[in-house]
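Rule-based calculations on the coordinates, nothing more; no lab input. Nothing here was measured: the structure is a model prediction, and the numbers come from that model. Quick reminder, even Gly has a Cβ in these numbers, built from the backbone with ideal geometry, and neighbours come from all protein chains shown.
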């Protein structure tokens, strides 16, 4: 089992529309960053591509995340190992800051 460093994961990002100047927040439950497809501040705004990312906004939320890799290894003889499968896991806030042994 191997663990990586603790890194920030964005679960909510705030944007400002460069057309109507409205601010809106987009939830990113899987932590995958993506730009909005349309303005979320004003239903009448036609903007689909001109947004400013507001990383320092109070509504933007980052959490600690640590990636862990677990492998099922079978030892055949003195010098041969077979890896049967690998599982990648993302560990979130409380467990990410725990020491791994």
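Between residue 38 and residue 50, full extension at 0.36 nm per residue minus the direct alpha carbon distance yields a gain of 3.4 nm. Model label points for residue 6 and residue 87, set 7 angstrom from Cα along the Cα-to-Cβ axis, are 2.4 nm apart.
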